[in-house]
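The next block holds one structure in the form of structure tokens; read it before the comments.
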Amino acid sequence: MSNTITTDYLILGAGIMGLALAKEIRRVDPSAGVCVLEKEPVPAWHASGRNSGVLHAGFYYTSDSLKARFTREGNRLWREYCREKNLPMNPCGKVVVARNSEETEGIRELKRRGDKNGVEVSIVDARELAEIEPNAKTEEIALWSPTTTTVDPGAVVRSLEKDLAGSGVRFFYGTAYKKNLGRRRILAGDTLFSYGTFINAAGLHADRIARDFGFGKDLTILPFKGIYLEYAGSSPEDRPVRTNIYPVPDLKQPFLGVHFTIKVDKTVKIGPTAIPAFWRENYVGLSRFDVRDLKEILGWESSLFLGNDFGFRDLALSEIRKYSREHMAHQAKGLVKKLNTSGFSRWGKPGIRAQLLDTKTRSLVSDFRVEGDRESIHILNAVSPAFTASLPFARWTIESFRNGSGWAG
């Protein structure tokens, strides 16, 4: 062991949650020592750098959820941050359309949720929809969300990392967590880190690390691979849409279905998939293959598939079909009046959703989940819209820790 480093706060994971937590600690305790450990050579290598870049408005979630509490505020805070730092934004908004008359009730339910959550949304008819997005089609009504915005997640994280480093936060890249040594010490890389408070924001690996500290005993990560198809048009006039277009989601599932997303550079993409992955970092081929992961995750996926718990078998079979470009484009075609499906010819960068599974109830954990005590805090479920919600989510996490109230939703 080459050396020992002592700090007040030791954060594991340099994704958006790890950096948001460091930012919040700096705000409330500027003199505290803060170290951030990351096994990759750069920040946001996993979910935070691979997500869609959408700042969600906050109308999907029930008002009693943490997601509802944090998403609207996070949308505002990140838009302010991007303006302050002159980071690219595309304030193109979002419409949610109904593909049939049955889905119009889903539109009204989303409006009710948006109203309860204090989100600016409105129901529009077909004529008003055509003014917002001429190519979108709907049955009777649609939902318009003007505050939905796309950003460059990589640029946001790099800017935040620069801010934090300038304020004295120390970053240790290429430093993977190895072991909890007890007595407020861990081994990471070849270094022993001694800390006052350990914060686990390790995303895909957060469940395993939490178990090393005695938390998350009935929880495990069930990874889902998300890939978008990007439009390869040659000019702005060739782009099929100018606004994010989403279908009415199945509110019993955490996935939003195939939709149109407009990136910061105005590139249009459709997707994503939500295909069950076989190991935590199952991005491409056999890269980052982990036999321990394969045994554990495939065991759970096989069991859930056989039992069709929460519709897992139906979901898996339908999602696998999305590996076909034609099938993905066909699903997107139902949201618009016309579409050159052949233009969606290139796959984007794959990401993995670190979805938490409750092994006792055999169900997906839908809301954010945090567990811990006075020595360690574990961010166990920080799935979409965690990027949007990260700043208020981090504030709530640290405030709850400092006042000893715990992390019940």
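The values are calculated or read from the model by the stated rules, or taken from the named source; none is laboratory data. Predicted, not measured: the structure shown is a model, and the values here were computed from it. Cβ placement follows ideal geometry from the backbone for every residue including glycine, while neighbour counts extend to all protein chains displayed.
Can you confirm whether GLY343 is outside the structural domain of PHE387 (by TED's automatic domain parsing), within 27 Å of ILE107 (Cα to Cα) and out of contact with any Ser or Thr (no Cβ under 9 Å at 6 or more places or on another chain)?
no
Which of the residues belonging to region 78-102 are modelled with pLDDT of 95 or more and of a type in the set (Asp, Glu)?
GLU80, GLU84
Going by the conditions given, is ARG83 assigned to a helix (DSSP H, G or I), within 21 Å of PRO153 (Cα to Cα) and without any contact (Cβ under 8 Å) to a residue 60 or more places away in the chain?
yes
Limited to region 162-187, what total is found for residues that are in a helix (DSSP H, G or I) and either under 24 Å from ARG374 (Cα atoms) or touching a residue at least 40 places away in the same chain (Cβ under 8 Å) (or both)?
Matching residues across region 162-187 total 2.
Show the residue pairs meeting these rules: Cβ distance below 7 Å; 6+ apart or different chains; first residue within region 2-27 and surrounded by 22 or more Cβ atoms within 10 Å (Cβ to Cβ); second residue at pLDDT 95 or above and charged (D, E, K, R).
Cβ pairs passing all conditions: GLY13/GLU38; ALA14/GLU38; LEU19/GLU161.
Can you list residue pairs whose Cβ atoms sit under 6 Å apart, with the first residue in region 28-49 being within 15 Å of ALA202 (Cβ to Cβ) and the second being charged (D, E, K, R) and not in a strand (DSSP E or B)? Count only pairs 6 or more apart in sequence or on different chains.
Note: pairs meeting the criteria are PRO43/GLU161.
Any residue at all in region 257-268 that's over 22 Å from PRO153 (Cα atoms) and either of a type in the set (Asp, Glu) or modelled with pLDDT of 90 or more (or both)?
no
Exactly one condition in (1) in a helix (DSSP H, G or I); (2) touching a residue at least 40 places away in the same chain (Cβ under 8 Å); (3) over 19 Å from the mean Cα position of the chain (by Cα) is false for GLU73; which is it?
Among (1) in a helix (DSSP H, G or I); (2) touching a residue at least 40 places away in the same chain (Cβ under 8 Å); (3) over 19 Å from the mean Cα position of the chain (by Cα), GLU73 violates only (3).
For region 1-28, which positions are assigned to a strand (DSSP E or B) and not hydrophobic (A, V, I, L, M, F, W, C)?
Of everything in region 1-28, those that are assigned to a strand (DSSP E or B) and not hydrophobic (A, V, I, L, M, F, W, C) turn out to be ASN3, THR4, THR6, THR7, ASP8, TYR9.
Is it fair to say ALA47 is hydrophobic (A, V, I, L, M, F, W, C) and more than 19 Å from the chain's Cα centre (by Cα)?
no
Give all pairs with beta carbons closer than 9 Å in which a residue from region 319-341 that is free of Cβ contacts under 8 Å to residues at least 40 places away in the same chain meets a residue that is assigned to a loop (DSSP other than H, G, I, E, B) and among the polar types (S, T, N, Q); count only pairs at least 6 apart in sequence or on separate chains.
Listed pairs, sorted by first residue: HIS330/SER324.
Among the residues of region 189-215, how many are surrounded by fewer than 18 Cβ atoms within 10 Å (Cβ to Cβ) and of a type in the set (Lys, Arg)?
The number of residues fulfilling the criteria is 1.
Among what's in region 130-161 and is in a helix (DSSP H, G or I) and among the hydrophobic types (A, V, I, L, M, F, W, C), pick the residue that is farthest from LEU192 (Cα to Cα).
Step by step, filter region 130-161, then rank; the result is ALA130.
Residue by residue through region 300-332, note down the ones that are within 30 Å of ASN135 (Cα to Cα), surrounded by 14 or more Cβ atoms within 10 Å (Cβ to Cβ), in contact with a strand residue (DSSP E or B) (Cβ under 9 Å, 6 or more places away or on another chain) and not hydrophobic (A, V, I, L, M, F, W, C).
GLU319, LYS322, ARG325, GLN331 - these are the residues of region 300-332 that are within 30 Å of ASN135 (Cα to Cα), surrounded by 14 or more Cβ atoms within 10 Å (Cβ to Cβ), in contact with a strand residue (DSSP E or B) (Cβ under 9 Å, 6 or more places away or on another chain) and not hydrophobic (A, V, I, L, M, F, W, C).
Which one is surrounded by the most Cβ atoms within 10 Å (Cβ to Cβ), of the residues in region 29-81 that are of a type in the set (A, V, I, L, M, F, W, C) and over 29 Å from GLU281 (Cβ atoms)?
Ranking the qualifying residues of region 29-81, first place goes to PHE59.
Take the conditions over 30 Å from ILE199 (Cβ atoms), surrounded by 18 or more Cβ atoms within 10 Å (Cβ to Cβ) and not acidic (Asp, Glu) and apply them to PRO247. Does it pass?
yes
Would you be able to say whether some residue in region 113-126 is aliphatic (A, V, I, L, M) and loosely packed, with under 15 Cβ neighbours inside 10 Å?
So far as region 113-126 goes, yes, one or more of its residues are aliphatic (A, V, I, L, M) and loosely packed, with under 15 Cβ neighbours inside 10 Å.
Find the residue count for region 337-346, including only residues that are crowded, with 17+ Cβ neighbours inside 10 Å and in contact with a strand residue (DSSP E or B) (Cβ under 6 Å, 6 or more places away or on another chain).
Residues meeting the conditions: 2.
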